[in-house]
Amino acid sequence: MKKIYLYGNWKMNMTCGETKDFFAKMSRALEDESISGHLGTELEIAVFPAYTSIASAMAGKGRVIVGAQNVYFEHKGAFTGEVSIPMLSELGCTHVIIGHSERRQIFKESNELLASKLKAVLDAGLTPVFCYGETLEERESGETFNVFREQLTQGLSKLSKDEIERIIFAYEPVWAIGTGKSATSEEAEDACKYSRELISKLSNGAERIVILYGGSVKPDNAKELLSMPDINGALVGGASLKAESFLDIYKAYV
Ligand code: PGA
């Protein structure tokens, strides 16, 4: 069985108290051997809380990985409102989401800025979860693969082949995020297959590259999506906010 990455992006949700409740439920649910028995070689679970809830998450996380949703590339200095990699490492974060479409669109993060963030995160020995994907307009005008080429080649431009292999990629079509309208498993597979080929040309080979699909993943569409050969897991927003529905995504797959 292939290894599944079940990653939850909480966005601007979940206070410290709600985070504590989530992990209390999660640790009870993980007493169930049918899931915890897979943790490690067959299943990896991570959640990405807001900065302010990371410490609460760390306290209750058990075998779940805790990461951050964003980071700045400079280590310290006059960057009001930003958080640095050493600050995240000190909290115990090993993973950071880079380039989520909400960062690209709402906060205008450019491919160049994202390239600097990826480089800094990898230099510090952390794992970036690098998001890319097209808008509805780009898909409808036949630009999807051009968008991948631009976001991936520019985003990865500062990295060596070995560094590229340490990234966890997340294909997230913008039109499927938070809309309840997931890509079909064929659309998601086509996109992940194409990007795998593209990334493999920039790195040492296709089989070591990990690509997640994100965009309205729920227990009822999880099996089809996660069974696709080029999809290694899911980056889940809405359905990751409750421990039960989050784990049901994996249960639906196995
Ligand atoms: P969604 O969000 O599952 O709520 O669509 C996914 C994401 O933005 O990572």
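A few comments on the model shown:
- Per-atom-type breakdown for the chain gives carbon and sulfur 53% of the accessible area (1.4 Å probe, protein chains only).
- Charge tally in the Cβ shell below 11 Å around Glu42, where Lys, Arg are +1 and Asp, Glu are -1, Glu42 excluded: +1
- Within the listed set Asp32, Asp21, Asp190, the residue fluctuating most in the Gaussian network model of the chain (springs between alpha-carbon atoms under 10 angstrom) is Asp32.
- If you sort Trp175, Trp10 by accessible surface, 1.4 Å probe, largest first, the order is Trp175, Trp10.
- Going by accessible surface with a 1.4 Å probe and the largest first, Arg103, Arg166, Arg28 read Arg28, Arg166, Arg103.
- The accessible-area ordering, largest first, of the residues Ile85, Ile106 stands as Ile106, Ile85, per a 1.4 angstrom probe.
- Only helices enter this figure: runs of n ≥ 4 DSSP H residues, each worth -39500 (n - 2.57), summed and divided by the residues of the chain, yield -12000 deg cm²/dmol at 222 nm to the nearest 500.
- Each other residue within a Cβ distance under 13 Å of Phe22 adds +1 if Lys or Arg and -1 if Asp or Glu, for a net charge of +2.
- Using only side-chain charges placed at the Cβ, +1 for Lys and Arg and -1 for Asp and Glu, the dipole size of the chain relative to its Cα centre rounds to 540 debye.
- For the stretch 172-254, taking the reciprocal of the average inverse distance between every pair of different Cα atoms yields a Kirkwood hydrodynamic radius of 13.0 Å.
- Violating pairs (Cα-Cα greater than 23 angstrom) within the set Lys117/Lys218; Lys11/Lys61; Lys61/Lys117; Lys158/Lys201; Lys25/Lys218; Lys76/Lys119: Lys117/Lys218; Lys61/Lys117
- Spatial offset of the stretch 159-224 relative to the stretch 8-32 amounts to 25 Å, using the alpha carbon center of each.
- P(r), alpha carbons of the stretch 59-103 - 10 Å bins starting at zero, rounded %: 25, 49, 24, 2
- Dimensionless Rg over Rh [the chain; C-alpha; Kirkwood]: 0.94
- Label sites at Thr153 and Leu39, each approximated as a point 7 angstrom past Cα along Cα to Cβ, lie 4.3 nm apart.
- Column: log10 I(q)/I(0), Debye, Cα scatterers of the stretch 105-254, q = 0.14, 0.18, 0.20 Å⁻¹: -0.67, -1.10, -1.30
- For the stretch 157-173, backbone nitrogen atoms closer than 19 Å to the point 7 Å from Phe145 Cα along Cα-to-C-beta are found at 171-173.
- With all protein chains kept in place, the per residue accessible area of the chain amounts to 44 square angstrom at a probe of 1.4 angstrom.
- Using a cutoff of 8 angstrom between alpha carbon atoms and counting only pairs six or more residues apart, the relative contact order for the chain works out to 19 percent.
- For the stretch 97-183, the fraction of C-alpha pairs more than 23 angstrom apart is 21%.
- Using only side-chain charges placed at the Cβ, +1 for Lys and Arg and -1 for Asp and Glu, the dipole size of the stretch 128-168 relative to its Cα centre rounds to 240 debye.
The values are calculated or read from the model by the stated rules, or taken from the named source; none is laboratory data. Keep in mind it's a predicted model, so treat the numbers as computed, not measured. Don't worry about glycine lacking a Cβ; one is built from the backbone with ideal geometry, like all the others, and counts go over all protein chains shown. Side chains are part of the model used for accessible areas, which takes the heavy atoms of the whole protein and leaves out ligands, DNA and RNA. Shrake-Rupley method; radii C 1.70, N 1.55, O 1.52, S 1.80 Å.
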